[in-house]
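Input: a single structure, listed below in structure tokens.
The values are calculated or read from the model by the stated rules, or taken from the named source; none is laboratory data. Since we're looking at a predicted model, the values are computed, not measured. So basically every Cβ, Gly included, is an ideal-geometry build from the backbone, and we count neighbours across all protein chains shown. Surface areas here come from the heavy atoms of the whole protein model, side chains and all, with no ligands, DNA or RNA. Shrake-Rupley method; radii C 1.70, N 1.55, O 1.52, S 1.80 Å.
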Amino acid sequence: MQTGKIGVTTENIFPIIKKFLYSDHEIFLRELISNAVDATQKLRTIASVGDYKEEMGNTTIFVSVDKKKKTIKVSDSGIGMTEEELDKYLNQIAFSSANDFLDKYKEQSNSIIGHFGLGFYSSFMVSDKVEVITKSYQDGAKAVKWTCDGSPEFTIEESEKESRGTDIILHIDKDSKEFLEENRVEQLLKKYCKFLPVEIAFGKEKEWKDGKMVDTGKDKILNNTKPAWTLKPADLKDEDYQKFYRELYPAGEESLFNIHLNVDYPFKLTGILYFPKIRSNIEIQKNKIQLYCNQVFVTDSVEGIVPEFLTLLHGVLDSPDIPLNVSRSYLQSDSNVKKISSHITKKVADRLNDIFKNNREEFEKKWDNLKLFIEYGMITEEKFYEKVSKFALLKNTEDKFFTYEEYEKIIKENQTDKNKTLIYLYSTNKTDQYTYIEKAKSKGYDVLHLDGQLDVHLINHLETKLKDSRFVRVDSDVIEKIIQKEESRESKLSADKQDDLKSVFNVKSKSRDIFNVVFETLDETESPVTITQSEFMRRMKEMSQMGGGMNFYGELPDSYNLVVNPNHKLVIGISDDLYAVKSTELSAKDTERKRLREEIDFMEKEHKEKKSEEISQVEKDDLEKLRKELSDIENARKEILESYGSGNKVVKQLIDLAMLANNMLRGEELSTFVKRSVDLL
Ligand code: ADP
């Protein structure tokens, strides 16, 4: 029997390991089983080159829990270890890697994932004693037993063991009792070992017999040793991919399609990515990709490893080249990780392009479920944008699809305004904005249907990409103003008359306070009154609601324009009626106003010719007094106009009709409108 001290200076390294790895205690099982798998595969390799001539036999790795003895046992039939190997690997190498780990840990404070490299010694996180009984595959090898109770002291002695391989027995400490529960162990095995390449058995298959569950005597194998991503794409059919998808996500919907990754150089990467249906709510879709290292599960949070938008995809990535025992910030700057990242981005774009090229009809059918993902990628990844913008689709209000290039061709001629800006019209709700869509169509314009969660962000992005182009929602102004053409139209009402009508239409009520009255010289056949909302304001508000950092805009109240058409005969009629009905009242004010304006003009001119110090205080006061009188007169006029407006049924009816067309007339206002309509009939 050999006794010795493990070659480290720190007296009590195990308590330190326990403490540092606190949050991830459960990985000990993954580590032990990975070692068992490695040992098994090493033997397979040795056998395959003819250096091991015995029967391989059953290579299943057995995991068992003995609750009474408080032990977990992991047994493999791999290469095993000779006494020298045991000493070398467990006492010297493994221990120094534990030491390395602690060194590294000190620098990186917390964020550590996947403690590969610590391996075997992680078993001390949950045990107060570990025994290793092992017998090498080599001819005439003797079984040896290594025991260590958590201090740096170990013993190696001869032992009894029938067959080659290694048994690791953990004596679980009192703080780690959870790992003596079969359910807990099975859960861990399913999490980390589901796709390991060597069979893992835990307990026996059970069946229902004579009214109770009984053991069948058959080992219960927990893993699929040949998961789809390790097979050749040529050997897999569509059903196989779907079947594997359900193996990964038993509760998931069907996926749209998949990409099978297989890279050898300059890094190793395999995996299958699935495109799920994503209609809304990006957040809950994230983090479904599982990351493996040689079929050992590492993590299902891949942020930092793949670009953010790709975390919307599902599936598995397997790479031995992603450094796993480092912090996330280190990961992001790792050159392998960067290469992997851009490779995946490119593959995803290529796959989408293939589908678009080979089966556009299918691509269009799937577009609504894909678009959120694609748009997310286009907005956040320049490389992805470059590739995908060639076949990303726009859907119009007639449910027809176009690529950006196709669409530009269609609208170029008709929708370019007098400043040579190409205007993309869009609607976010075909029902609510029906009137506006129809107006645009009657001019021969096309209207896009953009109702997706990311569309506001996308059009902001597209405006920076597409030359001389702007996106404008159909209801953001009267269509003649949205796409301004050269022609200018005469107004049938003078500027003064329009000014007066502004007050007439400034009818106050709860919801109408948000209106700003403006005049737009439209054709006489166009609507007399229209309600619009500025594209800029609305977009900023929408972005702020989505957390786009525009909080200032989010807090502003909604404001709309009430656009009055001075060429419509109803509007002209109101104007005429105004001056007929209010002629005496207004003309008294008008004469007064005219006199005051002339006097003020005269005085202002005089003052302008003098230097400021030459104007006496009396003169200054006089001018101020006249200005005050004028403003009183103006206000008095305004009151007359406004009271005329609020007493005029046609004015109110026109405003209400415009509100109705914009889906804004509700409650009391709607019922007043209905009553008034009946009266007018
Ligand atoms: P790593 O696996 O990262 O090399 P470990 O501490 O887990 O580090 O293991 C150290 C070494 O001990 C392994 O490289 C291997 O040579 C040996 N070893 C561990 N477990 C077994 C096993 N079950 N069978 C054979 N050899 C093993």
Item to check | Set Lys177/Lys206; Lys42/Lys226; Lys497/Lys628; Lys439/Lys652; Lys365/Lys481 screened for pairs whose C-alpha atoms are more than 28 Å apart | outcome: Lys365/Lys481
Item to check | Expected 222 nm ellipticity per residue - DSSP helices of 4 or more, -39500 (n - 2.57), all of the chain, to 500 | outcome: -13500 deg cm²/dmol
Checklist entry - Which peptide among 156-166, 558-568 comes first, and what is the full order, when sorted by highest mean count of other Cβ atoms within 10 Å? => result 558-568, 156-166
Next on the checklist: Can you give the log10 of the normalised intensity I(q)/I(0) at q = 0.10, 0.12, 0.23 Å⁻¹, computed with Debye over equal Cα scatterers of the range 564-655?
Outcome noted: -0.42, -0.55, -1.11
Checklist entry - In whole Å, what is the distance between the alpha-carbon centres of the range 400-449 and the range 37-89? => result 69
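Which shape class, rounded, prolate or oblate, goes with the range 392-482 when its Cα gyration tensor gives a ≥ b ≥ c as root eigenvalues, a/c under 1.5 marks rounded, and past that a/b bigger than b/c marks prolate?
Rounded is the answer for the range 392-482, as its axis ratio a/c remains below 1.5.
Where does the charge balance sit around Lys268 when Lys and Arg score +1, Asp and Glu -1, over other residues with C-beta under 9 Å from its C-beta?
Working: positive: none; negative: Asp264, Asp318, Asp321.
Within the 9 Å Cβ shell, the charges total -3.
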Item to check | Solvent-accessible area per residue for the chain (1.4 angstrom probe, square angstrom) | outcome: 51
Checklist outcome for this item: Once the in-chain neighbours fewer than 8 apart are removed, the aspartates and glutamates whose Cα is under 14 Å from Lys53 read Asp139
Item to check | Relative packing of peptides 571-581, 126-136 - highest average C-beta neighbours within 10 Å first | outcome: 126-136, 571-581
Item to check | Dipole-positive endmost among Val507, Thr82, Tyr265 within the chain (Cβ charges, Cα centre) | outcome: Thr82
Checklist entry - How many percent of the accessible area of the range 228-369 is carbon or sulfur, using a 1.4 Å probe? => result 45
Checklist entry - How big is the shadow of the Cα convex hull of the chain, averaged over all directions, in nm²? => result 50.4
Checklist entry - Along the charge dipole of the chain, Cβ charges K/R +1 and D/E -1, which of Ile479, Ser159, Asn353 sits furthest on the positive end? => result Ser159
Next on the checklist: Quick check on the range 392-482: of the DSSP beta bridges with both residues there, what percent are antiparallel, nearest 5%?
Outcome noted: 40
Next on the checklist: Need the list of aspartates and glutamates near Lys620 for cross-linking: C-alpha distance under 20 angstrom, and skip anything on the same chain fewer than eight residues off.
Outcome noted: Glu598, Glu599, Asp601, Glu604, Glu606, Glu609, Glu629, Asp632
Item to check | Among Gln415, Thr431, Leu462 the positive-end extreme of the charge dipole of the range 392-482 (Cβ point charges) | outcome: Gln415
Checklist entry - DSSP beta bridges in the chain, what fraction antiparallel, as a percent rounded to 5? => result 75
Checklist entry - What does the charge count near Ile640 come to, summing +1 for each Lys or Arg and -1 for each Asp or Glu among other residues with Cβ under 9 Å from its Cβ? => result +1
Item to check | the chain, relative contact order in percent, only Cα pairs under 8 angstrom and at least six apart counted | outcome: 8
Item to check | Listed pairs Lys194/Lys237; Lys68/Lys174; Lys346/Lys387; Lys441/Lys569; Lys70/Lys129; Lys443/Lys569 exceeding 18 Å between Cα atoms | outcome: Lys194/Lys237; Lys441/Lys569; Lys443/Lys569
Item to check | Inter-centroid distance (Cα atoms) of the range 577-629 relative to the range 249-280, Å | outcome: 78
Checklist outcome for this item: By the mean-Cβ-within-10 Å protection proxy, highest first, 69-81, 620-632, 295-307, 52-64 rank as 69-81, 295-307, 52-64, 620-632
Checklist entry - In debye, nearest 20: dipole of the chain around its Cα centre with unit charges on the Cβ of K, R (+) and D, E (-)? => result 940
